[in-house]
Amino acid sequence: MNAQEKDPWSVYMTPTSIHELFSKYEGEFQMEIEMNGLNEPVLISSSHKMILGGRFLELKQKGKMMGMDYE
């Protein structure tokens, strides 16, 4: 059975080689961002993981910017 004979929705929602590239970004990261006007860098903790059968890369970030916590 070739791709034209398959259900189009099934083909569309099946992870591809592009999704494999996204999976290389999975992990725990510490980021440092420098912004104009701020005297010190912004430190951010970021957690990246593939979800929903490897279809999406979810990023969760926590940090403090300009004295305020954000998530």
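Figures for the structure shown
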item	result
Check on residue 67, surrounded by fewer than 10 Cβ atoms within 10 Å (Cβ to Cβ) and either touching a residue at least 24 places away in the same chain (Cβ under 8 Å) or among the small types (Gly, Ala, Ser) (or both)	yes
Enumeration of residues in the stretch 41-71 that are within 18 Å of residue 20 (Cα to Cα), assigned to a strand (DSSP E or B) and out of contact with any Asp or Glu (no Cβ under 9 Å at 6 or more places or on another chain)	56, 58, 59
Complete set of residues in the stretch 8-40 that are of a type in the set (D, E, K, R) and either assigned to a helix (DSSP H, G or I) or surrounded by 11 or more Cβ atoms within 10 Å (Cβ to Cβ) (or both)	20, 26
Residues (among the hydroxyl-bearing types (Ser, Thr, Tyr) and either farther than 22 Å from residue 24 by Cα or touching a Ser or Thr at 6+ places or on another chain (Cβ under 9 Å) (or both)) located in the stretch 35-71	70
Exclusive hit being under 20 Å from the mean Cα position of the chain (by Cα) and free of Cβ contacts under 8 Å to residues at least 12 places away in the same chain, set 46, 23, 17	17
Which listed residue, of 35, 13, is under 25 Å from residue 71 (Cβ atoms) and modelled with pLDDT under 85	35
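The values are calculated or read from the model by the stated rules, or taken from the named source; none is laboratory data. Fair warning: this is a prediction, and the values are worked out from it, not measured in the lab. Positions of Cβ are generated from backbone atoms using ideal geometry, with glycine treated the same way; all protein chains shown enter the neighbour counts.
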